[in-house]
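Data block below; observations after.
The values are calculated or read from the model by the stated rules, or taken from the named source; none is laboratory data. Model, not experiment: these values are computed from the prediction. Reconstructed Cβ throughout: ideal geometry from the backbone, glycine too, with neighbour counts over all protein chains shown.
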């Protein structure tokens, strides 16, 4: 698997390439110093916040140590985790890793590791696609083959939460019972089945899914968009 990403440096935006069998996004906290509407990690909803402990992270590391896994240390905003230095040292000792940050905090890692910095210049809400507008609530997507997933799964790999691996980094934040596995190889094989059951609820599928629907009219927005399925799960504009 290969991922191509842009990083922000003092010289400007530069592109770098990583090649690993697996990529896992490790959400060490979903707490964030932004509250962006339509956040795929639901960081704008305090009732969904969770923060991993050092012991939780140590269990994760034991499962991927010395394997061909690139670990993306991410959030929320990972640099606000109280143990961020220790986490970076633990993960980097076992695997290749990247720190993914919005760049608002003036943070310097304890060791030299790659940083994906979205370089937010101020504490404002950027535009996002409508993650909480479920395709299943829109007539034009109801006949889609959801088993093919989307480019987020292709480029960003897998998610991890509570000792289990998820089919993509967004899957842990979709509030529905789904297949999870204790081994990456197992969740990799089950991806088409998992995608069939969860992608219909993920608004990112509309823009990034592998389907033949017209994507040209889909725009990013700062307005919070919540469709009926998500409202049935307790998410409202008043949260």
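Just to be sure, is residue 73 surrounded by fewer than 22 Cβ atoms within 10 Å (Cβ to Cβ) and either without any contact (Cβ under 8 Å) to a residue 60 or more places away in the chain or not in a strand (DSSP E or B) (or both)?
Numbers: surrounded by fewer than 22 Cβ atoms within 10 Å (Cβ to Cβ): no; either without any contact (Cβ under 8 Å) to a residue 60 or more places away in the chain or not in a strand (DSSP E or B) (or both): yes.
In short, no.
Please state which of the following conditions residue 169 fails to meet, knowing it meets all the rest: (1) surrounded by fewer than 23 Cβ atoms within 10 Å (Cβ to Cβ); (2) in a loop (DSSP other than H, G, I, E, B); (3) in contact (Cβ under 8 Å) with a residue 60 or more places away in the chain.
Condition not satisfied by residue 169: (1).
When the stretch 27-49 is examined, which residues are found to be in contact with a strand residue (DSSP E or B) (Cβ under 8 Å, 6 or more places away or on another chain), part of a loop (DSSP other than H, G, I, E, B) and in contact (Cβ under 8 Å) with a residue 60 or more places away in the chain? Working first, answer last.
We begin by selecting, within the stretch 27-49, every residue in contact with a strand residue (DSSP E or B) (Cβ under 8 Å, 6 or more places away or on another chain); these are 27-31, 36-41, 49.
If we keep only those that are part of a loop (DSSP other than H, G, I, E, B) too, we end up with 28, 30-31, 36-41, 49.
Within the stretch 27-49, 30, 36, 37, 38, 39, 40, 41 meet the criteria.
How many residues does the stretch 206-239 hold that are farther than 16 Å from residue 175 by Cα and assigned by TED's automatic domain parsing to the domain that holds residue 167?
Here is the first cut: in the stretch 206-239, the ones farther than 16 Å from residue 175 by Cα are 206-225, 237-238.
Retained after the next criterion (residues that are assigned by TED's automatic domain parsing to the domain that holds residue 167): 206-225.
Here the count works out to 20.
Please work out which residue is surrounded by the most Cβ atoms within 10 Å (Cβ to Cβ), limiting yourself to the stretch 185-218 and to residues that are touching a residue at least 60 places away in the same chain (Cβ under 8 Å) and assigned to a loop (DSSP other than H, G, I, E, B).
So the residue we want is 202.
What number of residues in the stretch 97-123 are in a loop (DSSP other than H, G, I, E, B) and in contact (Cβ under 8 Å) with a residue 40 or more places away in the chain?
Applying the first criterion (in a loop (DSSP other than H, G, I, E, B)) to the stretch 97-123 yields 102-114, 118-123.
If we keep only those that are in contact (Cβ under 8 Å) with a residue 40 or more places away in the chain as well, we get 102-105, 114, 118-120, 123.
Of the residues in that region, 9 qualify.
In the stretch 149-175, which residues are farther than 16 Å from residue 27 by Cβ and in contact with a helix residue (DSSP H, G or I) (Cβ under 6 Å, 6 or more places away or on another chain)?
As a first pass, look at the stretch 149-175 and keep what is farther than 16 Å from residue 27 by Cβ: 149-151, 154-155.
Answer for the stretch 149-175, where residues must be farther than 16 Å from residue 27 by Cβ and in contact with a helix residue (DSSP H, G or I) (Cβ under 6 Å, 6 or more places away or on another chain): 149, 150, 151.
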